[in-house]
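Taken together, the values in this text are just the output of simple stated rules run on the coordinates, not laboratory data. Model, not experiment: these values are computed from the prediction. Cβ coordinates were reconstructed from backbone atoms using ideal geometry, including for glycine residues, and neighbour counts include every protein chain displayed.
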Amino acid sequence: MSQPLFEIRDLRLSFADHAHKPLFGASPRIEVLKGVSFDIQRGDVIGIVGGSGSGKSTLGRAMVRLLEVASGEIRFDGQDITHLGETDMRPLRKRIQMIFQDPMSSLNPRHTVAAIIAGPLRLHGFDQIRERVDLALSQVGLPLAFRSRYPHELSGGQRQRVGIARAIATEPDFILADEVVSGLDVSSQAQVLNLLERLVSDMGLTLGFISHDLSVIRRLCQTTLVLHHGEIVELATTEALFDAPQAQYTRDLLDAIPLPEVSPGWLD
């Protein structure tokens, strides 16, 4: 087997609990990640699931170096990036992109769609910016007329497509998608999931997909990681996890969420 794209070893991360700060002294720490270790293979679509407060979004942001970990190791394409400074991380940023849950807060309301997509391209020194913006719009199924529109002029599904276009414009190796369909209606969810599935295939992407919706995970992901209180309780192929979950917490999640019958064409 080839070297994994991501190698995560014993990640630990805690936050200060300011709500329980004593009158004197420092705030106590809340441990959010408790020794998390796993690999992501190239070309895999890995689902990261867990209940509220499980640490799944924290794990994702730590992986892509938006949060600093207390200890452990993050290797990307064989390189230790755990504590790289931003100057050293910058060449890697174009290879590691993120799609956020709420496009209204992650897309600059003062910028047009073209400017939003062009931002990372200019930052990383790409040429032919207009052509690359137009290609990204085409890849996510938005008309070129949207170049001059602003985020508030778009629907939720269209805004999320702009976020995806921005992420793929730099032709990354890895994209982390954090609850990207949770705020969309059922029709828009299906369209965005179909789009992500096609982009993974067409571009050879590796995708980390954070979600609380197990039916979405079942449809999109090849591998599933179940996180509970900052610890991995199960990691398996998605098929195996749904057919024969090993951890009681996984079984509880499956029992608690109604799962529709899934046929190969339900998102078509």
statement: The local net charge around Asp10, scoring Lys/Arg +1 and Asp/Glu -1 for residues other than Asp10 whose Cβ lies under 14 Å from its Cβ, equals -2
query: In a shell of Cβ-Cβ distance under 13 Å around Leu253, excluding Leu253 itself, what net charge do Lys and Arg (+1) and Asp and Glu (-1) give?
result: -1
field: Length-normalised contact order of segment 202-259 in % [C-alpha pairs under 8 Å, at least 6 apart]
entry: 26 percent
message: Under 5 Å between amide hydrogens, which residues at least 5 positions from Phe6 or on another chain qualify, with H placed 1.01 Å from N in the peptide plane?
response: Ile40, Asp77
task: Quick one: which residues, 5 or more positions from His228 or on another chain, have an amide H under 5 Å from its amide H? H modelled 1.01 Å from N in the peptide plane, none for Pro or chain starts.
output: Val233
- request: Using only alpha carbon pairs under 8 Å that are at least six residues apart, calculate the relative contact order of the chain and give it in whole percent.
  value: 24 percent
statement: Taking every other residue with Cβ under 13 Å from the Cβ of Leu92 and scoring Lys and Arg +1, Asp and Glu -1, one gets +1
- prompt: ³J(HN,Hα) across segment 146-157 via Karplus (A = 6.51, B = -1.76, C = 1.60, θ = phi - 60°), whole Hz, x for Gly/Pro?
  reply: 6, 3, 8, 7, 10, x, 5, 8, 10, 6, x, x
field: Whole-angstrom gap from segment 77-133 to segment 211-256, using each part's C-alpha centre
entry: 30 Å
message: Quick query: amide H of Ile48 versus all other amide H atoms, modeled in the peptide plane; which residues come in under 5 Å with a sequence gap of 5 or more or a different chain?
response: Phe209, Ile210, Ser211, Leu225
statement: With the dipole of the chain defined by +1 on each Lys or Arg Cβ and -1 on each Asp or Glu Cβ, the option from Gly47, Ser155, Ala244 whose Cα lies farthest towards the positive pole is Ser155
statement: Here Rg/Rh (Cα, Kirkwood) for segment 76-116 equals 1.10
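Please compute, over every Cα-Cα pair in the chain, the percentage with a separation greater than 36 angstrom.
Working: 5582 of 35778 pairs.
Of the Cα pairs, 16 percent sit more than 36 Å apart.
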- prompt: Using θ = phi - 60° and the Karplus form 6.51 cos²θ - 1.76 cosθ + 1.60, what ³J(HN,Hα) does each residue of segment 11-20 get, whole Hz, x for Gly and Pro?
  reply: 6, 9, 8, 9, 10, 6, 9, 5, 5, 10
- prompt: If you plug each phi of segment 45-54 into the Karplus form 6.51 cos²θ - 1.76 cosθ + 1.60 with θ = phi - 60°, what whole-Hz ³J(HN,Hα) values come out, in order, with x for Gly and Pro?
  reply: 10, 9, x, 10, 10, x, x, 4, x, 6
query: If you take the charge dipole of the chain about its Cα centre, with +1 on Lys and Arg Cβ and -1 on Asp and Glu Cβ, which of His83, Pro109, Leu184 is farthest toward its positive end?
result: Pro109
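Hey, what did segment 1-78 get for relative contact order, percent, Cα under 8 Å, at least 6 apart?
Averaging sequence separation for qualifying contacts and normalising by length gives 47 percent for segment 1-78.
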